[in-house]
Structure formats: C-alpha cells, structure tokens
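I have placed the structure first, in the form of structure tokens, so that the comments after it can refer back to it.
The values are calculated or read from the model by the stated rules, or taken from the named source; none is laboratory data. Small disclaimer: the values here were computed from a predicted structure and weren't measured. Neighbour counts run over all protein chains shown; Cβ positions are idealised from the backbone, glycine included. SASA here: full protein model, heavy atoms, side chains in, ligands and nucleic acids out. Shrake-Rupley method; radii C 1.70, N 1.55, O 1.52, S 1.80 Å.
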Amino acid sequence: MAKEMKTAGYTAAQITVLEGLDPVRKRPGMYIGSTGPTGLHHLIWEVVDNSIDEAMAGHATTVTLRLLPGNRASVEDDGRGIPVDPHPQYKISALELVLTKLHAGGKFGGDASGYKVSGGLHGVGVSVVNALSTWLQAEVHRDGYIWTQDYKAGKPQSKVRRGDKTKKRGTIIRFEPDASIFETVDFNFQIILDRFRQQAYLTKGIKMVAIDERGDQPIVYGFFFEGGVESYVRFLNRGKDVKHENVFYVAKPEETTGMMVEVAFQYTDEYHENVYCFTNNIINPEGGMHLVGFRTALTRELNNFARNKGYLKEKDPNLTGDDAREGLTSVISIKVSEPQFEGQTKGKLGNPEARTAVESVFGEALKIFLEEHPRDAEGIIGKCILAAKARAAAKAARETVLRKGALEGLTLPGKLADCSSRDAATSELYIVEGDSAGGSAKQGRSREFQAILPLRGKILNVERAGLDKMLGNNELKSLVIAMGTNIGEGFEIEKLRYGRIIIMTDADVDGAHIRTLLLTLFFRHFPDLLRGGHIYIAQPPLYRLQVGKDIRYVYSDAEKEKVVAEMTAAKEERGKRKEEKEETTPTESVSLEEGAGEAETTEVSGVKVYIQRYKGLGEMNPEQLWETTMNPANRLLVKVTIEDAEKANEVFDLLMGAEVAPRKRFIQTHAKSVSNLDI
C-alpha cells in the first residue's frame, strides 16, 4: 500500500529555510564532528537518516547503500522523492534548495504532509554532504519522471533536468567526499553494516541493504527484522548467560502526547549495564529524558513487586537504581515530533515530555509483565537482590579505601611518585608496568607535572568481578586513590587529580594484556574519563638507530627500514660534500651492556648503523625514556575514545568475559592477521 500513496501533499511549500551553506567547508567539524573516519561516515548517516525518515513516515520500505569505486557512495530509497517544483519564496527547485541551504527541509514547518517525526531534525544533513563532496548527483524519481542535478563542492552545475519517464519513485544521492578536507576517504564497510543492522532493528519492517562494489565481486548484506528492539536485545545478549528467558517488550503510543514508546530489556549475569537510547532512530549515547523516565519506572516497579511478593522484607532497604540496572541490557526507542537535542550530533535528548511518556508506558507494561511471568520475575528480582548485597559489600570496601587514603595523607599510595603541580589540567599520571620501568620513569620524568604509579603484575579482570572484589585488589585500590575520583555511585569527575592518565606498558604480549585489563577497567567503571578524553596510551619506540652522531627512535619494523635508508643516504651525502674522518659512535651510546636490549652493528652501503631493539621500558635509561616516551615535545600518545559504545562493549565482553568459545573463535579467525607477535 505504501507505494500507492499520493505525493501531492508533499510539495515545495513544506520546505523551510533558516540560513545559508557557506560556513560548512570552512569549519566542517562544527557540522559532522570531525574530519577523520567518524566524520567521513557521518556523511553516509546524514543521507541514510533522510531515507529512514521516509520509512518512519510510512512512505518507503527499502534503503540501499552502495560503496562504489573511486571513493564514491550511493544511497537510494523508494520513498516519495524530494520535491522538484519551484519553492514559492526562493523561486528555485526545492531539490536545489534542500541541497544548497543549511536548515532547509520538510521537518520544520509542523505540516503533517512533511514529517511528523524525523531523525534529521537540524536539516543540515544532505546540504553538508553536498558542501563536503567534490561531486554529488541527486536523482529523483517522482511524478512519472526522472529528475537529476549535479554539484561540485556544493555548487549546482546546472538547473534540475527532467529526463525519461519512470514508474519508480524515490531518491538516489551519489557523492564523492572531498579528499582535501577529510583525513581519509576510504569507507569502512563493517562500520556501515553495524549501523544498518541497528537501523533495521529500530524500524520494524524496513529492509536495509548494503553493497560493496569496490572489489572484483560485489559483497551484499541485507537486514530485515520483524521483532523490533526485542530482536535487538536478543542480538546484544547472544552467547551470554541470561537470568530470564522472555525478553520484556512494549511498543505503544503514550495517550497524552501520542509519542511512540518502544522498550525491550533482559538481564544477564554480568556486572555492568548496557543501555542504548534512540530518538527517531538516532542514537543518543548520553541518554536524556527518555532514559530518566525508564530508570525511574524500572526501580519503582521492581521495588513495588519485590515488596508485594515478599522478596523484600519490611526491614530490608529498597533496591537502588544501581541494583536494578546491574546486568541489564536494554534498548529504549521513542518517536518524537519535535525532538530537542544537545548539538548536531544529537548526543542527548532534552524533551521533558519524553520522560513522562516513557515512565508511563513502560511502568504500566512492566507491572503487567512481572505479574504474568512469575518465573521471569523471580530471575529478575533475584539478580537485583544479589546486586544489592554486593553493593553493600562494595560500599564497605570503598569506605575502607577512602579511609586509608585519608590516613595516608595527601601523598596517597606509598608507591605513587606524585607531581608538585596541583593543577589537574596540566598534570599527568603515568600508569607503568613493573618496578623496573617505574624506577626509570620516576627518574626521567618532569617532577613538576608528571606522576608515576607502578603496578606489580597484572591487575584484576574487572569484567568478571564485582566492585567489592575489585576494591580488595591492592593495585586497583592504589589507582582509585591516586585518581581521586572515587568509584561507582561515589564517582565525581570534578575531583580527578590528573588531566591525562597515560598507560605505559611494554610492547609485548604481557604489556598488551595489562593494557587491555586497564582499558576494561576504565570502560566499565570510569566511562566519563574516556568520554572526556582523559585516557591515553604511550607509544614507546621499538628501536634506537644511530649513524655517527645522528640518533633516531622508530616505532615499527617498516619505519626502521625507511629511516635506516634515510640516515645512510644522509651520511653518504655528507661524505661527498667534504672530506672528514670516519665518524665513530660515541662510546657511552654503543656500549652493549647487559639488560640494555638487543643490539647490533650492521653496514648499509658501507655505512655503519648501530641498531638497538628495546624489549621493555625497563631497558631504557631514564634519559632515553624521557626523550622518547615522556617528553611532550617528542612523545607519541594515542587518545582512547569510545567511537561506538555497542561495538566496544561487544569486544570487551568477547575478549575479557567468562565465555571461552567465542574468544577462541575470535583468535582462530584473526590469528593470521597479527603482526609483530612477541612470545
């Protein structure tokens, strides 16, 4: 029936303009977040979101993306097609208006013939894609004809052209990102597949097709789910030990606002919460009012049920929000006619009515679910009560940690070599593997702003431990005290003592394992530190190269070969320019002392090259460690971010969780692609 719907009511009159397009090429980061891979893929999301808006409005059934040779992409839907008639105010085709003006679209006027709900609220989407593409072509199948228009860097190359007749309808946007703006223009097909799967879960009945045509043979994936977010929760919990068989699910409009509320959840035996919030199919990583309403209703209804059924006795305290959410996997999806987001990236929903709508619809449905599924209810309440007991034990342990920190004074843990600065914005905490590297780091650092905390051995895997067990671990306890933020429900990011927390481990298997354990800790218990850009990984060099007095540090075997060639060529050039004695390597630099790392002297084109390979940070003397890895003028740091919380959660669960079989499959699949494996 959707294909027979009339398009007459959706015309140029529904297109509203707020401002022009000029600033986009000058400051693209303001509109797409960054010019890195995230921003590149944001171009695709903007175009795809428009097609999904058509599907949510009931006018499209299929969205197809193609990755084409030459770094081009194509997004096609079978919706109504962007209007092509002249706009009554601007006297140009509505198609051109949408593609050349910021905040132009059918989503602002409140007219029912435009969009009742949409993800692309700000209306900057397709115009920004146009501005940041060297070439874009819009092809519209509408009113029995094919209409096309080409653009270069946002500028139309001709007027909208009417072509052959057609029985199809819909819009096709083809574009090529501008390589002079983006760091890379190579689209990642896996990122696109993950997003398409997610969107298919969120829009019941829509077909999402992704095709990669860049190779010899096209790769085709299609997604279609009738179960909505219920299917999504089952997908997220695959391979996990669930606490109840039936997934809770409700999809119902709220009576007062008409807001569509769709919620699903299921508990697992894990210690952390996985919650994903969406407004009009756009993910809100920072949650918002719909999340507040969900949490309020969840805690209230579980407490009411537990009291009424005798799971909680009169003397027992109520379950807290943390108790109710431990091990919870949930998806909250709402449809709002006029969503209020914080920023173009739509990270947080601000509509107060969303809280009321979700709390009402979800709370009533949960009450019925618990009564009608007593076995599932027993599993849920049992999990929550167990979490409450663990929380009480963790609280006692946390208070012990804090008391100990206070008694030890402002110097904090004894093994922490603190910095003299008390300005968190400029201070750094290096988490170092082992006492040997810790000793070098303490001697080589800048005492003014760099603090050193050595860790002995491998810390506890927090993926398999509760907070009470964590705080019984001396290494983790020292780290929590040193950072100053507290942990769990007492966490306060304002009390963070260091603006940068830098993980510095050896470039071997053990070092990688310790790094992963620490990242798991930060991801599960200090996510705000990751979101705030406070977590870094130091990159110590792999080799020290010396030709005469020329000394270089390199970080990979490939870089070593390149730099050796440069250094020997430079030496040969110096020899040609003037006659001089054969340079000798300074004695103190070439001494092959025990523990100094593997070293060799080789000749390349008659030039002596001294190569030292570092097996660990402890093999560097303090001056080398400072110069290569800790000196802000020379060092390489990698900032750790959460680009995709769902994918990150899946990877940590796979690599650090209790299930062995999935991890074994992962290792078997990726073993051959591992380079520089050091055993």
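Would you mind stating whether Asp316 is modelled with pLDDT under 95 and not in a loop (DSSP other than H, G, I, E, B)? Answer is no for this residue. From the list Glu226, Glu213, the one residue that fits, being of a type outside the set (Lys, Arg), over 24 Å from the mean Cα position of the chain (by Cα) and farther than 30 Å from Thr35 by Cβ, is Glu226.
For beta carbons closer than 6 Å, sequence separation of 6+ or different chains, a first residue in segment 230-246 that is more than 14 Å from His272 (Cβ to Cβ) and a second that is open to solvent by 80 Å² or more (accessible area, probe 1.4 Å) and modelled with pLDDT under 90, the qualifying pairs are Gly239/Glu659. Considering segment 225-279, the qualifying strands (runs of 3 or more DSSP E), each wholly inside and each with 1 or more residues that are among the hydroxyl-bearing types (Ser, Thr, Tyr) and surrounded by fewer than 23 Cβ atoms within 10 Å (Cβ to Cβ), run over 248-253.
For first residues located in segment 512-530 and over 10 Å from Lys458 (Cβ atoms) and open to solvent by less than 30 Å² (accessible area, probe 1.4 Å), partners that are at pLDDT 85 or above and small (Gly, Ala, Ser) and lie 6+ apart or on another chain with Cβ distances below 6 Å do not occur. Suppose we keep only residues that are within 20 Å of the chain's Cα centre (by Cα) and open to solvent by 10 Å² or more (accessible area, probe 1.4 Å) within segment 321-345. Which one would you say is farthest from Ala392 (Cα to Cα)? The extreme case among them is Gln344. Of all residues in segment 341-366, those being over 26 Å from Val233 (Cβ atoms) and at pLDDT 90 or above number 1.
Filtered by the rule that a residue be of a type in the set (A, V, I, L, M, F, W, C) and over 24 Å from the mean Cα position of the chain (by Cα), segment 247-288 gives Val247, Phe248, Val250, Ala251, Met259, Met260, Val261.
Results for (1) modelled with pLDDT under 95; (2) buried (at least 21 other Cβ atoms within 10 Å of the Cβ), shown as yes or no for each residue.
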{"site": "Pro83", "(1), (2)": "yes, yes"}
{"site": "Lys91", "(1), (2)": "yes, no"}
{"site": "Leu99", "(1), (2)": "yes, yes"}
{"site": "Gly106", "(1), (2)": "yes, yes"}
{"site": "Gly119", "(1), (2)": "yes, yes"}
{"site": "His141", "(1), (2)": "no, yes"}
{"site": "Thr184", "(1), (2)": "yes, no"}
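Restricted to segment 123-136, and to residues there that are among the polar types (S, T, N, Q) and open to solvent by less than 40 Å² (accessible area, probe 1.4 Å), the residue that is farthest from Phe341 (Cα to Cα) is Ser133. If the condition is being closer than 17 Å to Asp418 by Cβ, in contact (Cβ under 8 Å) with a residue 12 or more places away in the chain and open to solvent by 40 Å² or more (accessible area, probe 1.4 Å), then segment 470-507 contributes Arg497, Arg500.
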